[in-house]
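Reading through the structure tokens given below for one structure.
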Amino acid sequence: MNSAPHLLLLHQSLPPIQNPKPTLAAQNSTPGARQSTPTYITACAKTTRKTGGGGGRRKNPDDYHATLTALNSKGRFPRKSLGQHYMLDSEVNDQLVAAAEVGEGDVVLEIGPGTGSLTNVLINAGATVLAIEKDPYMATLVSERFAQTGQLKVLQEDFVKCHIHSHMSSLLSSIESSGASPRHAKVVANIPFNISTDVVKQLLPMGDIFSEVVLLLQEETAFRLVKSYLRTSEYRPINIFINFYSDPEFKFKVPRANFFPQPNVDAAVVKFRLKEPTQYPSVSSTKSFFSMVNSAFNGKRKMLRKSLQHICTPSEIESALENVGRPATSRPEELTTEDFVKLHNMIVTE
């Protein structure tokens, strides 16, 4: 991806979306040319596509034209530092919302709403949305766009630093006090690829608040988080973490041509069905459990009897492994989440 957005986006021209999915044809300015006036993203005309369903609630969907027009309205370019890649195909947003089974009365957290294309689908589905947006220009844009709906609250904050549990608890309490039936909230988001792991680590332990977390991630990351198998180099502590707190499911692939600017990689949608705290594997302490798991993987090629010998003696670890049903020579990539739970409960004492 070009590191100079003002050159990459100069006179960007996009053809109408057709089947198959759209491709983005960039026409850059002459290198070194001086700009005398502000440059904007341009898109050619497109016939508005009608959509059905929703009991008449459904509005015209966002498409590439609406997204780029919204960016032009603020004179904005996608910022590489914020990992901004905007969705150009409304059908992908529809699929995201469908994957989370969002319906009337749901409360949804969205991370990085941008121009509001996904927000639009969530609101049309009948959801109340709490959107966290770091970019102040995009926070203003999406706030103004849906100001009349009464279904959107925007917080201009950095998601990885904000107290999301507190914000969501307050929102759910206010909805409950208004007479609506309380329920778990959901997360539906097209997140910047560079904060994927941080988002997953922050959200998955919140099974007391959220029931589903549906994220659009870099495809490689999605596979690594959900489809990493035992005895492979991709099997890591994050896989133990995910399976401890959720039941993950790889949903579908999203080609890179659906984004603006087009990233160098494809994306994919993953759904995490969160476990409630009473459903977590039984360990005396989650802190000591994940500390043990991390220690095990710090010496990934080492046998557990060596990498965990700071907890107890190698012979005690061997004995515990045999009780778990694993060889005394086991390495961390050979143990399931359930195996690690059993091992922890045998060798870790509080």
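The values are calculated or read from the model by the stated rules, or taken from the named source; none is laboratory data. Treat the numbers as computed from the prediction; the structure is a model and nothing was measured. Counting neighbours? That spans all protein chains shown, and the Cβs are built from the backbone with ideal geometry, glycine included. What goes into the accessible areas is simple: the full protein's heavy atoms, side chains included, and nothing from ligands, DNA or RNA. Shrake-Rupley method; radii C 1.70, N 1.55, O 1.52, S 1.80 Å.
For the range 170-249, evaluate the Debye formula with one uniform point scatterer on each Cα (no solvent term) and list log10 I(q)/I(0) at q = 0.28 Å⁻¹, rounded to two decimals.
Scattering profile of the range 170-249, log10 relative to I(0): -1.44.
How large a share of the accessible area of the range 135-208, in percent, is made up of carbon and sulfur atoms when the probe is 1.4 Å and the other protein chains stay in place?
Carbon with sulfur: 49 percent of the solvent-accessible area.
Run the numbers for E322 and T349: contour at 0.36 nm per residue of separation, minus the present Cα-Cα distance, in nm.
7.8 nm
Rounded to the nearest 10 Å², what accessible area does D208 have for a 1.4 Å probe in the complete protein model?
80
If you roll a 1.4 Å probe over the range 230-324 with all protein chains in place, what percent of the accessible area is carbon or sulfur?
Heavy-atom surface of the range 230-324 belonging to carbon and sulfur, 1.4 Å probe: 44 percent.
Label point 7 Å out from T149 along Cα-to-Cβ: which residues of the range 157-201 have amide N under 18 Å?
Only 171-172, 175, 185-191 fall inside the zone, counting backbone N under 18 Å.
For the range 240-296, what's the radius of gyration and Dmax over Cα atoms, in angstrom?
My reading of the Cα-based Rg and Dmax gives 16.6, 47 Å.
What is the extension gain from K161 to T286, computed as 0.36 nm multiplied by their sequence separation minus the C-alpha to C-alpha distance, in nm to one decimal?
Between K161 and T286, full extension yields an extra 42.8 nm.
Calculate, for the range 249-317, the solvent-accessible area per residue in square angstrom, rolling a 1.4 angstrom probe over the heavy atoms of the protein chains.
49
Go through the range 154-226 and name the chymotrypsin sites (Phe, Trp or Tyr not before Pro) that are in a DSSP coil and have 10 or fewer other Cβ atoms within 10 Å of their Cβ.
none
Note down the nm distance, to one decimal, between modelled labels 7 Å out along Cα→Cβ at T232 and at S177.
If labels sit at T232 and S177, their model points lie 4.8 nm apart.
Quick check: Cα centre of the range 287-350 to Cα centre of the range 119-171, how many Å?
Spelled out, the Cα-based centre of one part sits 43 Å from the other.
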